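Presented below is the structure to which this report refers.
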Amino acid sequence: MPETLTAPPGPRGEAAPPAPGPRRALPGWAKGAGPLLLLAVLVLAFLRFGPVGVFRKGFPPVEELTVERITLPRPGELRVSVVNSGPEPVTIAQVLVDDAAWAHSLDGGRTLGRLERRTVTIPYPWVEGEPVAVKLVTATGLTFDGEVAVATETPRASGRFVGTFALLGIYAGVIPVFLGLLWLPFLRTLERRWVDFFLSLTVGLLVFLGVDALGEALEFAGRVPGPYQGTGLVLLGVAGTPLALGALGRRGRSGAGAATPWAVATLVAAGIGLHNLGEGLLIGSAYATGEIALGTFLVVGFLIHNTTEGLGIVAPLARERPAPGRLLLLGALAGVPTVVGAWIGGFTHSPFWTTLFFAVGVGAIAQVVFVLWRMLAGREGGALLRPLNAAGLLAGLLVMYATGLLVPA
Amino acid sequence: MYVDDGPTAGVEPALSTPGLTRRELLRAGVLGGAALATAAGALALPRHAAAAGLAGVVTGGGHLGAHGSHESMMAVGELRPGGFDPAAFLGHFDGGKVSRLASGQTLREYEIVAMEREIEVAPGVFFPAWTYNGQVPGPTIRCTEGDRLRVRFANAGSHPHTIHFHGIHPAGMDGSFEIVPPGGSFLYEFDAEPFGLHLYHCHAVPLKRHLHKGLYGTFIIDPRGGRPPARELVMVMNGFDTNLDGENEVYAVNTVAHHYQKHPIPVRLGELVRLYLVNVTEFDLINSLHLHGNLFRCYRTGTDLERYEYTDTVMLCQGERAVLEFSFKYPGKYMFHAHQSEFAELGWTGVFDVREEPHA
């Protein structure tokens with residue numbers, strides 16, 4: 001082991017480590033473990049003897065609490081879920097509600113270690129329809145805020161609410177997708193170049209949805225507790241999803257053959273489905289947090305907006321003779337996630353998962369766009385930049401933009 | 001008249017609630033889930049009814065819980081033992097080291113040291129304060145009109161400080177230009193005049209910070225003939241901006257949020273109570289005191305023994321003060337608090353517990 005730490009057998013071994021060198025002075029795993037061991041020693045030494053102590057003495061402790069969610073389980077009660085998102089322990093000393101010190105209890109000790117969570121229960125007579133502001137005061141006097149914009153009892157996972165959220169999801173996601181599928185007979189009457197136009201239009205729709213979802217993902221990323229790195233989470237979802245989908249797609253395919261229209265349609269449906277999951281989340285959380293008007297606008301907006309998604313799914317199938325059952329499955333793949341999203345958004349609310357869902361949606365859409373692009377480019381004269389196809393792409397963006405006007409930001 | 005007999009003069013130990021503390025109760029309530037609201041209600045409502053006195057009886061469903069009761073609207077927990085004791089501070093007056101000058105004039109000597117110290121402004125909430133003698137508010141300095149005062153001031157802090165006394169004195173004793181550097185000292189010497197309720201505070205700049213950090217105290221000059229015997233209490237209205245955003249998270253009299261609400265001040269039925277009320281609240285233009293179930297005679301600045309206002313609410317600007325005198329006609333619990341609801345709800349509330357039997 002000391003040999004590993006001091007020096008490799010020769011300078012050449014260091015110069016080209018990735019090259020499969022013929023030297024066998026040490027087993028391969030030991031060569032890999034050496035730097036790791038050294039790193040561990042350095043980290044320990046830094047934590048133990050490093051210059052950080054100077055700063056610790058000179059500055060007040062860095063406290064960071066994130067209020068993840070405030071629920072109103074019944075009249076006269078607030079529940080605040082908090083996580084210590086900072087590097088130092090934080091002690092919750094007092095709780096202020098609407099600028100008044102208030103009695104409260106915690107489901108554990110008052111001091112939270114890094115990434116520890118607590119639920120603060122506050123017997124507070126909140127007023128239906130009015131905002132509630134909660135301030136947690138730490139032992140050092142720092143305050144961390146949370147707010148309920150419109151106080152209303154938080155829906156519990158009762159049969160009635162499960163049904164209601166399902167219905168909302170069906171309205172916003174399932175019905176419009178199936179409506180869009182009805183364009184298939186029309187597509188089948190078209191010449192190939194017009195089919196390509198509609199495929200390009202699908203690309204436009206998807207690009208718009210992808211950018212839209214990316215915006216949402218980044219917005220929610222800002223609310224993710226610091227150590228969970230909201231922006232990094234977005235990157236993981238956006239980059240990881242197409243990599244995973246791509247690898248899966250290659251496995252399922254025999255040889256290097258191009259994707260079949262059905263495979264493309266399935267991909268499109270899956271991508272749209274993941275995006276719709278995000279839309280469901282928005283709808284669910286809007287209703288759950290009492291923003292009824294917003295939720296209703298979201299449903300109506302998505303209803304119109306998503307009709308075009310069905311068109312996107314059937315565009316690759318214009319030359320196929322699909323069995324109705326398979327079409328239904330595709331519609332369900334794209335639409336039903338809206339219902340699931342509405343449930344998740346309505347009953348739990350975690351910026352972490354919301355961010356990840358949106359990011360995965362973006363990644364899935366990116367993957368679909370890539371496949372469609374190759375499909376168009378592979379065809380004779382069907383490149384996306386041909387005037388008609390470019391017009392289709394632009395039309396897709398415009399359609400989404402126009403119907404998107406119906407959805408409140 | 002006051003006596004200089006240590007920090008616990010005139011005040012009996014704070015009343016303690018037998019059995020469960022509220023916090024324990026709440027914790028138990030959480031374990032029991034839905035039991036919380038009913039349990040808290042069962043405790044809070046009858047006690048509130050008792051406080052209402054006479055024939056008033058509060059009835060209502062336990063499902064209301066503690067809602068609407070002042071029991072639920074307050075800072076939770078208790079102060080760390082061994083720190084500042086608001087109950088002791090309330091009745092403590094510092095007469096200094098008394099001797100007589102050759103001329104026959106009474107000489108009172110005080111030692112005041114400015115030092116940095118973390119203080120507890122609500123249970124569990126610590127504030128990095130600048131203090132006189134390690135406490136906020138600083139010691140209540142008390143003397144009689146015409147006394148010679150000698151105040152030895154040492155600055156053991158890391159910022160320049162002074163003591164600026166309100167009252168009449170020569171320019172060089174004003175503490176506004178004689179800034180004392182860290183490690184430095186200064187001797188203030190002047191004759192006490194005029195009689196009344198004054199205050200002292202640091203006059204180094206920035207003023208707002210030096211005051212808000214805690215460098216202030218009460219300065220009482222008694223009239224030569226004294227005032228009628230009474231139960232005397234000092235209340236300094238102050239506030240603390242714990243997160244330094246320019247607004248107070250904690251309001252109080254004598255520093256600790258809700259302390260006299262959780263530990264009512266015992267008062268004897270019919271006894272004359274004299275309240276020395278000083279406003280040093282920072283970041284808010286005015287503060288106020290409202291007394292329940294009673295009215296008080298208000299002597300503004302305390303510089304006049306005759307004229308007074310008979311009222312139940314007094315409003316004071318920053319630096320203003322008033323002597324309030326009252327006695328209770330009925331036994332029971334009576335609130336006093338800022339009539340600015342926000343100040344009251346963030347800690348500036350207390351209770352007088354009026355009993356027929358004499359207190360210690």
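The numbers here are math on the coordinates, done by the rules we state, and not lab data. Just so it is clear, the structure is predicted and the values come from calculations on it, not from any experiment. No Cβ is skipped: glycine too gets one built from the backbone with ideal geometry, and neighbour counts run over all protein chains shown.
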| From the phi of every residue in segment B:242-259, what ³J(HN,Hα) in whole Hz does the Karplus formula 6.51 cos²θ - 1.76 cosθ + 1.60 yield, where θ is phi - 60° and glycine or proline is x? | 6, 9, 6, 9, x, 10, 7, 8, 10, 10, 6, 9, 6, 6, 9, 4, 6, 4
| query | Which order do peptides B:225-233, A:67-75, A:310-318 fall in by mean Cβ count within 10 Å, highest first? | reply | A:310-318, A:67-75, B:225-233
| request: Give me the percent of Cα-Cα pairs in segment A:52-161 that sit more than 18 Å apart, rounded to a whole number. | output: 50 percent
| task | Please work out the ratio of the alpha-carbon Rg of segment A:174-236 to 2.2 N^0.38 Å and round it to two decimals. | result | 1.69
| request: Within the set of other residues whose C-beta is less than 13 Å from the C-beta of A:P73, count the net charge using Lys and Arg as +1 and Asp and Glu as -1. | output: +2
| task | Just tell me how shielded A:88-101 is by partners: mean number of partner chain Cβ atoms within 10 Å of each residue's Cβ, no decimals. | result | 6
| note | For segment B:165-224, one quarter of the surface area of the C-alpha convex hull, expressed in nm², comes to 4.5 nm²
| note | So B:L269 and B:L187, fully extended at 0.36 nm per residue minus their Cα-Cα distance, gain in nm 25.1 nm
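Stick to Cα atoms and the Kirkwood definition of Rh, then tell me Rg/Rh for segment B:108-167. Working shown, then result.
On the way: Rg = 13.5 Å, Rh = 13.0 Å.
Result for segment B:108-167 is an Rg/Rh of 1.04.
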| task | Determine by what factor the alpha-carbon radius of gyration of segment B:169-303 differs from 2.2 N^0.38 Å, reporting the quotient. | result | 1.21
| task | Using the Karplus curve 6.51 cos²θ - 1.76 cosθ + 1.60 with θ = phi - 60°, work out ³J(HN,Hα) for each residue of segment B:274-284 in order, rounded to whole Hz, and write x for Gly and Pro. | result | 10, 10, 8, 10, 10, 9, 10, 4, 9, 6, 10
| field | For A:L65, residues with placed amide H under 5 Å, excluding near neighbours | value | A:S85
| request: Let me know the Kirkwood hydrodynamic radius for segment A:307-409, please, with Cα pairs as the basis and the value in Å to one decimal. | output: 16.3 Å
| Counting DSSP beta bridges with both partners in segment B:222-310, what percentage is antiparallel, nearest 5? | 45 percent
| Packing rank of A:109-120, B:155-166, A:139-150, where each peptide gets the mean count of other beta carbons within 10 Å, highest leading | B:155-166, A:139-150, A:109-120
| request: Starting from the Cα of B:K333, draw a straight line to each of the aspartates and glutamates and keep only those under 14 Å, dropping any in the same chain fewer than 8 residues away. | output: B:E71, B:D353, B:E356
| field | From phi via Karplus (6.51, -1.76, 1.60), per-residue ³J(HN,Hα) for segment A:263-276 in Hz, x at Gly/Pro | value | 4, 5, 4, 5, 4, 4, 4, 5, x, 5, x, 5, 5, 5
| Once amide H atoms are placed 1.01 Å from N in the peptide plane, what residues at a sequence separation of 5 or more from B:F328, or on another chain, have their amide H within under 5 Å of its amide H? | B:G270, B:E271
| note | Taking only the alpha carbons of segment A:107-205, the radius of gyration and the largest Cα-Cα distance, Dmax, both in angstrom, are 25.1, 72
| task | Report the label-to-label distance for A:R192 and B:E116 in nanometres (one decimal), using points 7 Å from each Cα along the Cα→Cβ vector. | result | 8.1 nm
